[in-house]
Amino acid sequence: MKNRYALFFALLAGTLLVLFANVFVQNRMAAIVKEDKLVDESFAAEGTPPIVAFSTMALGGFRGIIADILWLRAGELQQKGKYYELVQLSDWILKLQPKFSAAASYMGWNMAYNVSVACKRPEDRWRWVRRGIQLMQEAVTMNPNDPAVYQELGWIYQHKLGNVLDDAQRYYKETMARDLMFLYGKHYPDWEAWAVSPATEEALRERFPADHPAWLAIMEYNQGDLERLFGEFRLNGGLPKELKEKLKPEDASVLDCYFRRKWLKKDWNVDPETILAVNRTYGELDWLLPESFAIYWAHVGLDHTEGDREQLPLTRMILQSLVATFNYGRMLLPKENEVSSFFLLVPNTGVIDATRKMYKDIMSSDEYAHSPFEALYENFLIDSIVTLYTYSQKEAASNLYQELRTEIKNANSLVMTLDQFVLNEWEDDIKSGDFKQIANELEGLIFTSCILIGYGDREAAADHLALARRVYDSYARQHEDLDRVTLPPFSEMKARTARAIIENYPPEIANRIRAELEEDLQKQEQAAADAGGSGADKEAAGQ
Amino acid sequence: MTAFLAIVKLTCRSAVRSHIFRLLLILLLLSIFLLPFTLLGDGTPKGEVQIFLQYSLGFVGFILCLSSVWLACSEVSSDVETAQIHMIVVKPVRRAVVLLGKYTGVVLIHLALLLIAAVTVYAFLSFRLSSADMTEDERLMLDEQVLTARALYKPVRPDFNALAQAELDRRIASAKEHGQDTFLLQNDQTRREEFLEIRKELIVTYGLIEEGDSLFWQFEGLPKDLTEDDVIFLRYTIYVNRFYVQDQNSVRGHWIFAANYTRPDDNGGETVVSDLIATPEEDILTAAQNEITVPIRNSYFVYDGKAQVGFLNKDTNTSELNFEEGRGPFLLIREAGFFSNYCRAILVMAVGILSVTLLASAVAACLSLPIAIFFSAAYMLTGGLANYLVSSIPDVADFQAEYTGTFGYRFGDLMLNLIVPLQDFFVTGHLANGELISFPFIGLLFAKDFILRMLPVFLLGAWIYTRRELALVSKRG
Amino acid sequence: MAEAVKTTEKSASERPVVVSAIGLTKVFRDFWNRPKAKAVNDIDFEVREGEVVGLLGPNGSGKSTTVKMLLGLLYPTGGRLTVFGKSPRDVENKKLIGYLPEETYLYKYLTAFETLDFFASLFGLSKEERTRRCDQLLDMVGLAHARNRPVGEFSKGMARRIGLAQAMINDPAFLILDEPTSGLDPLGCREVKDLIKLLKKRGKTVIVTSHLLSDVEEVCDRIIVLYGGRIRANGGMEDLLTIRTNDTITVPRLPEDALERIRQIVRESVPDGEMSVAHPHMSLEDFFVDIVNEAKKESLETSGSRSGGAIAEYLTGDREHDAKAVLDSLTREEETPAQTLAKKMEEDAAKAAEDAAKKRRDDLFAKLQATAPAPEEEESRQAQQEIEAKMSEANRKLKDLLTNPTDRKD
């Protein structure tokens, strides 16, 4: 009897001792758990689909094993070149391990880069890039505070779609612009109007209560089935005609904005409020282009992260995208509000200020970055000045030139005027380049000038042409003594380029060029007819 | 014979009455119809067909395997455990016949189910295909690449061992000649390491072609009875330099096909003349899988079951073009239709069911129900994992793997020699890719898995069944 | 009966041996192969052709173990056991053996006919033969009406009958019956015993294991008593049970003075011999069977198992008619002359309605025994009352006849 109870009490005492000791350890463990984010955050966040919450609870420890098996399978299939299962497998892996952002980043990158590249047709490639983006968007929803996913998503936009390294990049840009144009309804939507329109169905119903004429019209149209109406909206790119006729213009526009922003959110996971914020922070961006989205996501990422370590890559991404936007962040279309494969990307001068500010912030905050960034900033300023100059913003160019003189104290800027400076920038290339390079550059300038005429920007066209003329003259002066093949006459170059454009570009562009350069073209034809023989002689002599 | 048939019939009836069996049947049918709506394809009709085939048949196969294990174990074990078997073995029936009868019953039921499921899947697929709208291109791709059965022919791989050995010998001889340090000769260890290094280098650089250079591949074992209607495809993937994926490029080059034709010669007989015919130079997209049709007549191209294909690198911008091993070039010849291939895939699955049931019956003949099921499940799991281990760890002989990798590989290898992995019977990957499941392949699978590895287990189980004291396990005690 | 036994005993040693056990031992081992229990400990016995042997013993004495060893379900750990001269595991031998296990294991979803058909097919019989035998067997055990009902719905007694039927499908030369009468109603018991007797007549060998000693007593020639794995008694019934020190004389009812005279003779013949006088008892079973047969004659039906009565033809073999006659005589109630007379009168009276009502009565009677589920409960209550009335009438008549025999005689 006694023995039995003795054992029991000994065990009891031991248990109590252990429990007591645990108190000291518990706090430390809890701190570690919080610090390393070992426990999943609650799934009360909106946007997390119930299936994910369910699977993480129900499968328990097995989801890790299952995810591993699926991962191995995906890798194996990819090795063999069988991609058709990849979308489904990636989806499952993300649902099983929603917090494993590195895996999601890899899978998104994999689809957008590796798999897309293995397809021949541009449609297929675009599809895979889009899948990568969609996966990352889902990952962002599940990991709103993780910088890695924002980075990857932004990178796909900036590097894959934005840059020119992929052979199909023009196709990507065109398709993306097309899809977005259809969604927006026009090239530059009224973001303010979008931002104030109702964001959810409840808000819409509040705006249009049951007795509101707009709501009554909707009821009459299809008994208030908003989902179906949304489907029709997506199909047509706008409100159905019958319904639109019944609504007052202001109500129609509110409804229109409601559907469009819902559509944007669904397909691209983007909010008009944030777009406005981005526009305000960085300048008016062209939201048909991928760089804008890269900036968007990096910006959202900055909001959700803290600390230098997490934010640095995002800041850099914004800077790179801003520079890219500066260089070619505005889309010119032959016909406004209609995307065609003959789109032209020209510099977006609206972001210059934001970019400058960013450079300055980096230079002042990070001591290690100061000198390398200073050099970058100087180059950027020079580029900005030249661009502004040739795109008919001479005043702005002049202001920047002042800054270049006084703050950066660039050597050339201290002695030259703005005009000289710009020409000098071009001439550097001329001095070092050979004939072929110069010809290319000149043709480039002339082409840009003509094309700008085609796209309707005559001032910029004139500025480009003026610069081209000066470069041409400068070259002629420097090499007139040499007995080498010379450039054809300037007007001939111009006419030739214009004619080439007219032949290959759609009528809207061609017509504008033709109208503008009618005279020149006729003259050139005449000259060509006359100088047909002499031109050949010249060439023969030159050789 | 009558006794055998009676036991088969009884097993079938008993099986159909089992609740679990009915549940699995419903699951089977549901999965066929619901799967297509829950799976995400890659967006193309081709991808959707592929994923449908892969997953629906895969799911069917998996469920049928589980079901047959469950049923076989249940049938064989429960009779012994409830002493029902006493009534049977006191009759003039051999115990082996009893076991065989139960096995046959279970197998018959599952083969019937397999047939039903196969027909349903096929019908469903046909229906969806006929009602789907696709572009001409998409339909052509589907027909050429998925709804077909093309045999894949790989080029003859050079004997890297011999080449490496030759190179090693050459280096040693040259070192001797120049009076250099002959450490290579000194011990086997360094020689072996050097050999492996050379071999690795050879393998990796095998597919590299420099600008202006060309590389030829030999194909052997091609069918000799090709007509001009049979189309031969050449599938290849080119990479720039050695890296898998680079920024996209177009490179220039062209393919060269060796043509052999006979010409009457002076002696009144015929001589065989070889000629090389080149396709025009073109831009080829790197890293993308390309398929072109062989432009010359089959009778010229394939001679005595052999063919030769070469590639000439005419690209000035890149340094080397690379044909990764395992990515081509391959010759694909359509040797059967999709329906035939589909039937073959089902046949392989049937062999799988036969094997799995064999295992389960044998195990259940010796052990109680829960242990029998556990044992069968453990067997299948080990087989599956062994397969993964072997396929995911690089070949130990060619490359150096770390210690755990080596161990895992060796273990997996050993297990695969003893155990049948279930993956062997799931050939839906081939089916979905339009690859031929050849009869020799099926025959080999049958011999290797069913006869060589499962049958001994069954015979052992049957022997134990015959010799055990059945009354020992009676629950009455 | 005694005479019959004596004659068989004479030639017993000459008849071939069916079962021979020499030093038979069975030790059960546990998982670690250590001996756990010695179920059968060095027993020797023989069973010759044509004998009906009863295997008796309390629970755990090794009866079932011995039986299982005979059937090859267990293997002896020591000693030698042969059946028909060969090992018990010989498959060909099984054609001659029939086995009725203690608990019948049937496939619940098969009908009665299908069950028998299945077991028949294990013998490799042709379809026609199987159908023929199954039908006959079902008739024999009184389950012809339940031919197409799933066996899972059967009562224990009915299941037992099926078990018995399957034991005899192959017309075995050697039958092993483990508790054959358990779960059966007295009519069933009687039939089983009749069957065993018939089989003995046909020269079959039967081993019967039972706890119901009265049943064993009636049918067996020899008994083997087991206890603790050893044989405690082995010999013919007569030899073992006969109390040779006393005699029993059965005479018709004697007047008191005659009895006194007999008592005198006894006292003279045997010193201190005491004579006790009492009315002989018929067995309860006989009485019961009488009643039922009465009731049958009045054409009552039972819905549960009926006592079929007719032995399956193929079992009766060559001596068909003889056997039938024998069986009839065995099953007929043993009547006193007075009763015979009375019965004749009753028969005459009831002959007209005999056939039609017979079935109905049988049914209802079985309900009385509560052997089968009775959906027609209302009907049965009525019928029950009817039966009771008739029974009391019959009782009364019987009583009349019994109490006044002398009147009739004289």
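Laboratory data are not the source of any read-out in this text; all were calculated from the coordinates shown. Please read these numbers as outputs of a predicted model, since none were measured by experiment. So basically every Cβ, Gly included, is an ideal-geometry build from the backbone, and we count neighbours across all protein chains shown.
Summary of values
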quantity: Computed E for A:R28/A:T281 - FRET, C-beta separation, R0 35 angstrom, nearest 0.05; calculated: 0.25
quantity: For chain A: rounded, prolate or oblate by the Cα gyration tensor [a/c cutoff 1.5]; calculated: prolate
quantity: Inter-chain shielding of A:84-92 (mean C-beta neighbours from other protein chains, 10 Å cut-off); calculated: 6
quantity: Helix axis angle, A:2-36 relative to chain A longest principal axis, alpha carbon, degrees; calculated: 20 degrees
quantity: GluC sites (Glu not before Pro) within region A:287-322, DSSP loop, no more than 13 other Cβ atoms inside 10 Å; calculated: A:E306
quantity: Globularity ratio of the protein assembly as shown, using Cα Rg and 2.2 N^0.38 Å; calculated: 1.44
quantity: Inter-site label distance for A:H304 and A:S491 at 7 Å from Cα along Cβ, in nm; calculated: 6.2 nm
quantity: Amide H contacts under 5 Å for B:A259, placed H, 5+ residues apart; calculated: B:D275, B:L276, B:I277
quantity: Cβ charges +1 (Lys, Arg) and -1 (Asp, Glu), total dipole of the protein assembly as shown, debye; calculated: 6780 debye
quantity: Stokes-Einstein D in µm²/s, Kirkwood radius over Cα pairs - region B:108-248 at 25 °C with 0.890 mPa s viscosity; calculated: 114 µm²/s
quantity: Cα shape, region A:39-197, gyration tensor, a/c 1.5 rule; calculated: oblate
quantity: Net charge, B:Y379 excluded, C-beta distance under 15 Å - Lys, Arg +1, Asp, Glu -1; calculated: -1
quantity: Ranked A:K186, C:K197, criterion: other C-beta atoms within 10 Å, fewest first; calculated: A:K186, C:K197
quantity: Listed pairs A:K95/A:K360; B:K46/B:K200; B:K102/C:K68; B:K154/B:K200; A:K241/A:K335 exceeding 30 Å between Cα atoms; calculated: A:K95/A:K360; B:K46/B:K200
quantity: Least to most buried among B:R327, A:R470 (fewest other Cβ within 10 Å first); calculated: A:R470, B:R327
quantity: Debye log10 I(q)/I(0) for region C:146-276, one point scatterer per Cα, at q = 0.17 Å⁻¹; calculated: -0.97
quantity: Residues A:W155, A:W126 arranged by fewest to most Cβ contacts within 10 Å; calculated: A:W126, A:W155
quantity: In order through region A:75-80: 3J(HN,Hα) via Karplus (6.51 cos²θ - 1.76 cosθ + 1.60), integer Hz, x for Gly, Pro; calculated: x, 4, 5, 5, 4, 7
quantity: Charge tally in the Cβ shell below 15 Å around A:L381, where Lys, Arg are +1 and Asp, Glu are -1, A:L381 excluded; calculated: -2
quantity: Region B:208-328 - Kirkwood radius from inverse mean 1/r over Cα pairs (Å); calculated: 15.7 Å
quantity: Full-extension gain in nm, B:L108 to B:L381, via 0.36 nm per residue minus C-alpha separation; calculated: 95.8 nm
quantity: Principal axes of region B:4-66: Cα extent on each, largest first, Å; calculated: 52, 21, 14
quantity: Theoretical FRET efficiency, 1/(1+(r/R0)^6), r = Cβ-Cβ of A:D267 and A:I51, R0 22 Å, to 0.05; calculated: 0.60
quantity: Two-site label geometry, B:T205 and B:Q165: point separation in nm, points 7 Å out along Cα→Cβ; calculated: 2.1 nm
quantity: Degrees between helix B:2-17 axis and first principal axis of chain B (Cα, 0 to 90, nearest 10); calculated: 80 degrees
quantity: Positive dipole terminus of the protein assembly as shown, leading residue within A:L487, B:P370, A:N27 (C-beta point charges); calculated: B:P370
quantity: Separation of alpha-carbon centers, region A:79-105 and region B:312-327, rounded to whole Å; calculated: 31 Å
quantity: Net charge, B:L331 excluded, C-beta distance under 10 Å - Lys, Arg +1, Asp, Glu -1; calculated: +3
quantity: Cα long-axis angle, helix B:188-205 against chain B (0 to 90 degrees, to the nearest 10); calculated: 80 degrees
